[in-house]
Amino acid sequence: KQEVTQIPAALSVPEGENLVLNCSFTDSAIYNLQWFRQDPGKGLTSLLLIQSSQREQTSGRLNASLDKSSGRSTLYIAASQPGDSATYLCAVRGNDFQKLVFGTGTRLLVSP
Amino acid sequence: EAGVVQSPRYKIIEKKQPVAFWCNPISGHNTLYWYLQNLGQGPELLIRYENEEAVDDSQLPKDRFSAERLKGVDSTLKIQPAELGDSAVYLCASSLDRYTEAFFGQGTRLTVV
């Protein structure tokens, strides 16, 4: 059974810092991995989708990397802003049933 | 382009009462998911549809939960009767197919009192 872990559970940084969020998964037989953002009381917003054959994916100030063999992904946020404050979730899609399995998220607070 | 639409946004009911949630996926998306999210946790899959067929409902508590996706478009998730432990956020998502990027709706926050 796939298990997804995100570390740290919470992170507080001052505006302008670069930061890294971590995601690890137990079964490396994945099809792809998706990073989401969730604002309080809201649904999930898709940030990046990285295929199992890819090493990284970029969108604006966000960069996601994937090391499938070691079961790890990182989300790098450059020059953080207060508007980046949210919970960030990673989810992996397995080869077999193709369902998304989520981690518990990292709650990020960026202070001005 | 309209995203995934869910209604209602909030629902408060007494225990043992029935409740239903509705989801309209992004046009053209064949795969539809219902997820349950408890406070401080990641979403957990309840059921996944490929068109009108439920292909993964292993996590759906079938004694009280039911779902349908008639005509392979919008979907309804029902709980009857609701229990206190069902209080959570119910999220609907859709994707073009089982392999592609999933997009989520705003969710329905259920409170059972």
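The figures follow:
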| read-out | value |
| --- | --- |
| Residue count for region B:68-88, restricted to those that are buried (at least 18 other Cβ atoms within 10 Å of the Cβ), under 18 Å from B:GLY3 (Cα atoms) and of a type outside the set (Gly, Ala, Ser) | 1 |
| A:SER24 modelled with pLDDT of 95 or more, in a strand (DSSP E or B), polar (S, T, N, Q) and more than 15 Å from the chain's Cα centre (by Cα) | no |
| Which numbered condition A:TYR31 fails, given (1) without any contact (Cβ under 8 Å) to a residue 12 or more places away in the chain; (2) hydroxyl-bearing (Ser, Thr, Tyr); (3) farther than 22 Å from B:TYR90 by Cβ; (4) part of a strand (DSSP E or B) | (1) |
| Every residue from region B:15-34 that is free of Cβ contacts under 8 Å to residues at least 60 places away in the same chain and either within 13 Å of chain A (Cβ to nearest Cβ) or in contact with an Asp or Glu (Cβ under 6 Å, 6 or more places away or on another chain) (or both) | B:ASN24, B:TRP34 |
| Hits in region B:1-14 (condition: assigned to a loop (DSSP other than H, G, I, E, B) and in contact (Cβ under 8 Å) with a residue 60 or more places away in the chain) | B:GLY3, B:VAL4, B:PRO8, B:ARG9, B:GLU14 |
| Filtered residue count, region A:38-48, keeping only those that are surrounded by fewer than 19 Cβ atoms within 10 Å (Cβ to Cβ) and part of a strand (DSSP E or B) | 2 |
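Yes/no per residue for (1) surrounded by fewer than 20 Cβ atoms within 10 Å (Cβ to Cβ); (2) within 14 Å of chain B (Cβ to nearest Cβ):
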residue: A:LEU66; (1), (2): no, no
residue: A:GLY71; (1), (2): yes, no
residue: A:THR74; (1), (2): yes, no
residue: A:GLN81; (1), (2): yes, no
residue: A:TYR88; (1), (2): no, yes
residue: A:GLY94; (1), (2): yes, yes
residue: A:PHE102; (1), (2): no, yes
residue: A:LEU108; (1), (2): no, no
residue: A:PRO112; (1), (2): yes, no
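The values are calculated or read from the model by the stated rules, or taken from the named source; none is laboratory data. Note that the structure is a prediction, hence the values are computed from the model and not measured. Please note: Cβ atoms are built from the backbone with ideal geometry, for glycine as well, and neighbour counts cover all protein chains shown.
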